[in-house]
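Since the structure comes first, as structure tokens, the remarks are kept for the end.
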């Protein structure tokens, strides 16, 4: 019989992390809607997954990730037309509200493509940290480069400086088109950089306290 | 002396040929689609939680990791009252599974859940 498990048969307060996750996040639970997870973020996470686990999902012995939970947070963009001549400027905000309390932040990185091939040249990109609207922006330097051309920037210090700053992270994605003279590339938007939260879920194998999903203190 | 005790137990010798039905680990691959979770869990595609099935022998061997109580219950079933069931064949050790999940806000979550794959069985 291949009928899915009825969510209604689950207890009101699940006693296991997987059941709790099913009740709050699974299709059919209140408010669930398939998000726009696709493209570069999905490819990145699938690569990460293949490094961390075998085909049947068993974590590899090396445990190269060093943690049991990694959350990819997508940015919301704002502002008008990002292209201005050869320049691409996009303001991005990562909202971090609603993270489960049991997930302790170990490290946070922003992942982006510093260089994209175009038909007639390249698109070179960088990230700036927006501390306050009037304050000068801080250029972020990559701390690591991965095999598939991704660059990683460690933004942990900007997330853990006091609880009040944990609510969101503001960045500006800056790119410039560099190419041969006379080339006419149709402007392509580079994919938004995404935030990776490396978390230690202290309840991934234990019964959670009898309460609804927690929110971080702000 | 467990050797002597074993020979004193009724039916012990008859059970020696019944190892095929003894408590053991069995494979059971399922897909997350069968569980109705495939719109939520995008990796892995295959999941083999496995299960434990079979009869717990009258005399529990060392490799069943049975606690003292299970040994006593086995004796009670055999020698005192058959209404008391034999110890049950259940998982003893587990391993975790890594899953990749889509979150409702478009985020993607990698998470390791403990105790998702049975690795060995015991009689409890």
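No lab work stands behind these numbers, since they all come straight from the coordinates. Since we're looking at a predicted model, the values are computed, not measured. A quick note on method: Cβ atoms are made from the backbone with ideal geometry, for glycine too, and the neighbour counts reach across all protein chains shown.
Note on A:194-201: average number of Cβ atoms from other chains within 10 Å of each residue's Cβ is 2. By the count of other C-beta atoms within 10 Å, a proxy for reagent exposure, A:194, B:75 are ordered fewest to most as B:75, A:194.
With r defined as the distance between the Cβ atoms of residue A:106 and residue B:72 and R0 fixed at 30 Å, what FRET efficiency is calculated, to the nearest 0.05? Present the calculation step by step, with values, prior to reporting the outcome.
Details: r = 46 Å, r/R0 = 1.54.
After rounding to 0.05, the efficiency reads 0.05.
Relative to one another, the C-alpha centroids of segment B:40-60 and segment B:77-124 are positioned 7 Å apart. Inter-label distance, residue A:89 to residue A:119: 2.8 nm, where each label sits 7 Å from its Cα along the C-beta direction. FRET efficiency for the pair residue A:168 and residue B:51, taken as 1/(1 + (r/R0)^6) with r the Cβ-Cβ distance and R0 = 35 Å, rounds to 0.15. Counting only other chain Cβ atoms within 10 Å of each residue's Cβ, the peptide B:35-41 averages 6.
Among the residues of A:66-76, the average count of other protein chain beta-carbon atoms within 10 Å of the residue beta-carbon is 4.
Quick one: pull the percentage of alpha-carbon pairs in segment A:72-125 with a separation above 17 Å. Let's see the in-between values first.
On the way: 816 of 1431 pairs.
When all Cα pairs of segment A:72-125 are counted, 57 percent exceed 17 Å.
Between residue A:51 and residue A:76, the modelled label-to-label distance comes to 3.0 nm, taking each label 7 Å out from Cα in the direction of the beta carbon.
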